[in-house]
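A.B. asks: Before I ask anything, here is the structure I am working with.
The values are calculated or read from the model by the stated rules, or taken from the named source; none is laboratory data. Note that the structure is a prediction, hence the values are computed from the model and not measured. Note that each Cβ is placed from the backbone with ideal geometry, even for glycine, and that neighbours are counted across all protein chains shown. Side chains included, ligands, DNA and RNA excluded: accessible areas come from the protein's heavy atoms. Shrake-Rupley method; radii C 1.70, N 1.55, O 1.52, S 1.80 Å.
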Amino acid sequence: MSRNPSMQSLISLCQPSIEDGQFKYFVADPENQAQNTNYGDDHGLRLILDQQKHAYHGTKLDNDVRQNRGDIESNNEATPLIKSRSMKRSTSAPSLHEGKMMHFDQEQGQQRSIRFQVVVWYVGPVDVVLNRVTMQFRVTMFWNEFGHTDHDDDSSKSETVWKMMGRRKACEKEILGDDMTQQIDVPPVSILNAVSFDVVGEPEVTRLREDTKLMRWTCLYKAILVQDRLRVENFPHDAHELVLKLGVLTQRKPSSRWDKSKWRLDLATREDSQGSTRIPHGLIVDQVKIPEFSRTPKELSFEFVPLSLGAEDTEKAHKDKCLQIKLDVIRESGYYDQNIMPLLGMLNLIAVSMLSIEATDFFKRGLLMLNICFVEISIRMSADSKLPRVGYQIKIQRILNSFFFAILSLVMESSALYFAITRYKLSIEIANKIDAVMAVLVLLHTLFIFISYYYDRFLLKQRLNKS
């Protein structure tokens with residue numbers, strides 16, 4: 001039984017090749033490559049395609065022809081040259097149409113991708129009060145531009161350069177002239193969590209490969225980024241994730257230029273980056289130093305999360321996404337670990353040693369303990385000036401309060417003993433035993449504070465080593 005090949009079948013048989021700088025088309029015979037027929041340039045192919053379309057009279061695409069290998073013998077007199085014994089299914093057969101490369105996979109609803117690469121060059125001080133951080137980074141996008149040029153390609157044109165025209169367009173111009181050879185659309189990238197940003201230099205557009213129409217757009221930004229969760233309850237042993245969010249917000253509706261059902265967001269590949277970075281989709285430069293924080297050895301983490309801006313899509317399958325880049329940082333706590341904590345511990349030990357003075361000599365005992373309290377108050381005021389001023393209590397403040405209250409409890413205990421001895425004739429032996437119990441309790445309390453504090457530091461270091 002003979003069948004007329006459909007348009008898609010015909011296209012799948014036609015294979016482009018380049019000879020002497022011109023495109024030639026062949027009908028590939030899978031079993032006999034020697035009998036492949038040359039049908040010349042794209043003009044000749046269009047004539048054949050038009051003839052086949054009229055001869056076919058609108059017949060629907062035959063699934064058996066697309067999915068199975070079968071004998072194809074043309075009985076249509078309008079296409080006597082096109083014969084093949086077998087055919088394989090083809091999902092994306094390229095053709096030249098008016099000098100512009102087009103792919104049929106987009107017309108059939110198959111997705112393409114806008115691929116991102118992000119390189120972080122600078123990270124400024126982290127403001128945990130305003131939940132902001134300043135960051136300088138380069139965003140690079142890659143995509144394959146098929147069938148959306150506004151002018152014909154000219155293989156004999158002189159050297160050209162790509163220039164941005166606003167935010168969404170780029171045009172190719174001759175270096176030695178002002179003639180515009182073609183114009184393309186550029187995905188309008190947005191920094192989703194930026195309070196403000198500046199463009200450093202100018203965006204650059206380049207066509208990396210002519211055969212695949214691989215385009216690259218790159219721009220260097222310096223932006224103030226809002227962070228969602230910069231809580232410092234565990235200060236000075238707090239760790240944070242600095243987040244940068246990128247996305248394409250405009251022209252993402254159905255049938256728009258960057259329809260989200262046809263253009264998905266993805267990460268750059270090695271073919272895109274061409275070895276420009278150690279990691280194709282991005283990294284943080286080794287020389288980046290963050291004030292008061294240290295970076296974990298782990299590289300930047302990239303993930304695509306649902307886009308929360310705009311109207312909510314009822315269908316989760318069609319919900320748009322954005323790229324979220326995370327940088328893990330840990331606060332450097334050496335100032336508190338090696339200065340504040342040991343000093344507070346020694347002051348508490350000195351206060352406990354004041355219990356060696358007889359309870360009957362309350363004036364001397366109490367006066368010395370209160371002097372130690374005043375020293376701790378001065379340390380507290382000095383430490384508070386360096387603490388983030390947030391609306392909740394942080395760990396180092398709880399520790400300072402615990403040391404201070406421990407000394408005040410010793411003063412109150414000494415006052416109670418003096419009152420009991422002078423008014424109720426409490427024996428000195430019982431008063432000494434009460435002092436001993438009180439000293440043990442304060443020492444245990446101090447030891448518990450130190451263990452809990454440095455255990456948190458140990459967990460933080462362990463997390464750093466694991467990463």
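A.B. asks: With θ taken as phi - 60° and the coefficients 6.51, -1.76 and 1.60, list the Karplus ³J(HN,Hα) couplings across the range 215-225 in order, rounded to whole Hz; mark glycine and proline as x.
C.D. replies: Using θ = phi - 60°, the values come out as 9, 10, 10, 9, 8, 9, 10, 10, 9, 9, 9 Hz.
A.B. asks: Going by amide H atoms built from the backbone, whose H comes under 5 Å of the H on Asn234, apart from near neighbours?
C.D. replies: HN-HN under 5 Å from Asn234: Lys395.
A.B. asks: Place a +1 charge on the Cβ of each Lys and Arg in the range 325-370 and a -1 charge on the Cβ of each Asp and Glu, then give the dipole magnitude about the Cα centre in debye, rounded to the nearest 20.
C.D. replies: On the way: 4 positive and 5 negative charges, 18 e Å.
The calculation lands at about 80 debye.
A.B. asks: Let me ask another. Please compute the modelled spin-label separation between Leu368 and Asp286, points set 7 Å along Cα→Cβ, answer in nm with one decimal.
C.D. replies: The modelled label-to-label distance comes out at 5.7 nm.
A.B. asks: A follow-up question, please. If you place +1 on the Cβ of every Lys and Arg and -1 on the Cβ of every Asp and Glu, how big does the dipole about the Cα centre of the range 213-360 come out, in debye to the nearest 20? Mind showing how you got there, number by number?
C.D. replies: Values: 22 positive and 20 negative charges, 231 e Å.
It works out to roughly 1100 debye.
A.B. asks: Ok, one more. Report, in debye and to the nearest 20, how large the dipole of the range 287-437 comes out about its Cα centre when Lys and Arg carry +1 and Asp and Glu carry -1 on their Cβ.
C.D. replies: Dipole magnitude for the range 287-437 comes out near 220 debye.
A.B. asks: Quick check on my link table: of Lys213/Lys262; Lys169/Lys253; Lys163/Lys321; Lys169/Lys298; Lys173/Lys213, which ones sit more than 26 Å apart, alpha carbon to alpha carbon? Please list the in-between numbers first.
C.D. replies: Values: Lys213/Lys262 17 Å; Lys169/Lys253 19 Å; Lys163/Lys321 29 Å; Lys169/Lys298 37 Å; Lys173/Lys213 17 Å.
Pairs exceeding 26 Å: Lys163/Lys321; Lys169/Lys298.
A.B. asks: Semi-axes of the range 201-262's equivalent ellipsoid from the Cα gyration tensor, sqrt of 5 times each eigenvalue, largest first, rounded to whole Å?
C.D. replies: Largest first, the range 201-262 gives 36, 18, 11 Å.
A.B. asks: I'd like the accessible area for Leu130: 1.4 Å probe, protein heavy atoms, all chains in place, Å² to the nearest 10.
C.D. replies: Accessible surface of Leu130 is approximately 100 Å².
A.B. asks: Which three extents, in whole angstrom, do the alpha-carbon atoms of the range 329-409 cover along their principal axes, largest first?
C.D. replies: The Cα atoms of the range 329-409 stretch 54, 25, 16 Å along the principal axes, largest first.
A.B. asks: Got a sec? What order do Glu376, Glu358, Glu332, Glu233 fall in by accessible area at 1.4 Å, biggest, i.e. largest, first?
C.D. replies: Glu332, Glu358, Glu233, Glu376
A.B. asks: Not counting ligands, DNA or RNA, and with a 1.4 Å probe, what is Arg380's accessible surface area in Å² rounded to the nearest 10?
C.D. replies: Surface open to solvent at Arg380 totals about 60 Å².
A.B. asks: Please state, to two decimals, what the Cα-based radius of gyration of the range 411-467 comes to when divided by 2.2 N^0.38 Å (N = residues).
C.D. replies: 1.93
A.B. asks: Once you put a point 7 Å from the Cα of Arg257 and another 7 Å from the Cα of Glu233, both along the Cβ direction, what distance in nm separates them?
C.D. replies: 4.7 nm
A.B. asks: Compare Tyr392, Tyr418, Tyr424 by solvent-accessible area with a 1.4 Å probe and give them largest first, with all protein chains kept in place.
C.D. replies: Tyr424, Tyr418, Tyr392
A.B. asks: Right, here's the next one. Any chance you could check the Cα centroid distance between the range 389-427 and the range 196-232 for me, in angstrom?
C.D. replies: 58 Å
A.B. asks: Ignoring ligands, DNA and RNA, what accessible area per residue does the range 322-362 give at 1.4 Å, in Å²?
C.D. replies: 39 Å²
A.B. asks: Next question, about the same structure. Heavy atoms only, probe 1.4 angstrom, no DNA, RNA or ligands counted: give me Ile191, Ile284 ranked by accessible area, highest first. Provide the component values of the computation, followed by the final result.
C.D. replies: Values: Ile191 30, Ile284 5 Å².
Order by accessible area, largest first: Ile191, Ile284.
A.B. asks: Leaving ligands, DNA and RNA out of it, report the carbon-plus-sulfur percent of the accessible area of the range 270-391 at a 1.4 Å probe. Write out the running numbers ahead of the final one.
C.D. replies: Working: 3990 of 6920 Å².
Using a 1.4 Å probe with all protein chains present, the range 270-391 comes out at 58 percent carbon and sulfur.
A.B. asks: Just the number please: accessible area per residue for the range 197-294, 1.4 Å probe, all protein chains included, in Å².
C.D. replies: 50 Å²
A.B. asks: Would you mind checking which residues have amide H under 5 Å from Arg132's amide H? H placed 1.01 Å from N; only 5 or more apart, or other chain.
C.D. replies: For Arg132, the qualifying residues are Asp127, Gln227.
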